[in-house]
1. Looking at (1) aromatic (Phe, Trp, Tyr); (2) without any contact (Cβ under 8 Å) to a residue 40 or more places away in the chain; (3) touching a Leu at 6+ places or on another chain (Cβ under 8 Å), which is the only condition residue 11 fails?
2. Within segment 98-114, work out how many residues are surrounded by 15 or more Cβ atoms within 10 Å (Cβ to Cβ) and over 20 Å from residue 39 (Cβ atoms).
3. Against the condition under 26 Å from residue 97 (Cα atoms), without any contact (Cβ under 8 Å) to a residue 60 or more places away in the chain and either touching a helix residue (DSSP H, G or I) at 6+ places or on another chain (Cβ under 6 Å) or part of a strand (DSSP E or B) (or both), how does residue 20 come out, does it pass?
4. Return a yes/no flag: does segment 35-48 have any residue that is touching a residue at least 60 places away in the same chain (Cβ under 8 Å) and either assigned to a strand (DSSP E or B) or surrounded by 14 or more Cβ atoms within 10 Å (Cβ to Cβ) (or both).
5. What's the number of the condition residue 25 fails, among (1) part of a loop (DSSP other than H, G, I, E, B); (2) surrounded by 14 or more Cβ atoms within 10 Å (Cβ to Cβ)?
6. Tell me which residues, restricted to segment 55-97, are loosely packed, with under 14 Cβ neighbours inside 10 Å, in a loop (DSSP other than H, G, I, E, B) and touching a residue at least 12 places away in the same chain (Cβ under 8 Å).
7. Among the numbered conditions (1) closer than 13 Å to residue 9 by Cα; (2) under 15 Å from the mean Cα position of the chain (by Cα); (3) of a type in the set (S, T, N, Q), tell me where residue 107 comes up short.
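Derivation of every value follows stated rules applied to the coordinates shown; laboratory data play no part. Note that the coordinates shown come from a computational prediction; the quantities given were computed from them, not determined experimentally. Because the Cβ atoms are built from the backbone with ideal geometry, glycine has one as well, and the counts that use them run over all protein chains shown.
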Amino acid sequence: MSDTRTIRFLYRAPSDGRFVFVDTMTFGQVDLDLPEVQGRWLTHGMDVQATDKGIALPDEVVVIVAEVNPSGSSLTGLWGGTTESGVKIRIPSFVQVGDAVRMSPHTGEYLGKA
């Protein structure tokens, strides 16, 4: 069984692309190489669980909608959008730029407004 600890995301280093966190217990800096599929959901100040194998994202994250593409599917009622961190998402047509929304980082599913 591996130990887990809570770390808080600070920023992505521009020089090497590593993700920089602070350990919330020791306040030590933790630099990690993460797969883009995980790193793209991180937002400043987000707490995640760290293990010896990487990080565990929460079941839902709150992101800010930066762009809305109003061409969507009338069958699903969803259209395209982009978060502040560049993640492409599918959102309902009533969601506007600047809205905070809850998303599943595991499935990319829209869960509701924040």
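1. (3)
2. To start, the set of residues in segment 98-114 that are surrounded by 15 or more Cβ atoms within 10 Å (Cβ to Cβ) comprises 99, 101-105, 110.
Now narrow it down to the ones that are over 20 Å from residue 39 (Cβ atoms): 99, 110.
The total comes to 2.
3. On the way: under 26 Å from residue 97 (Cα atoms): no; without any contact (Cβ under 8 Å) to a residue 60 or more places away in the chain: yes; either touching a helix residue (DSSP H, G or I) at 6+ places or on another chain (Cβ under 6 Å) or part of a strand (DSSP E or B) (or both): yes.
For residue 20, the condition - under 26 Å from residue 97 (Cα atoms), without any contact (Cβ under 8 Å) to a residue 60 or more places away in the chain and either touching a helix residue (DSSP H, G or I) at 6+ places or on another chain (Cβ under 6 Å) or part of a strand (DSSP E or B) (or both) - is not met.
4. Going residue by residue through segment 35-48, those that are touching a residue at least 60 places away in the same chain (Cβ under 8 Å) are 38, 41.
Filter once more, so that each one left must be either assigned to a strand (DSSP E or B) or surrounded by 14 or more Cβ atoms within 10 Å (Cβ to Cβ) (or both): 38, 41.
Checked against the condition, which is being touching a residue at least 60 places away in the same chain (Cβ under 8 Å) and either assigned to a strand (DSSP E or B) or surrounded by 14 or more Cβ atoms within 10 Å (Cβ to Cβ) (or both), segment 35-48 yields at least one hit.
5. Here residue 25 meets the rest and fails (2).
6. Scanning segment 55-97 gives 59, 76, 77, 84, 86, 93, 96, 97.
7. (1)
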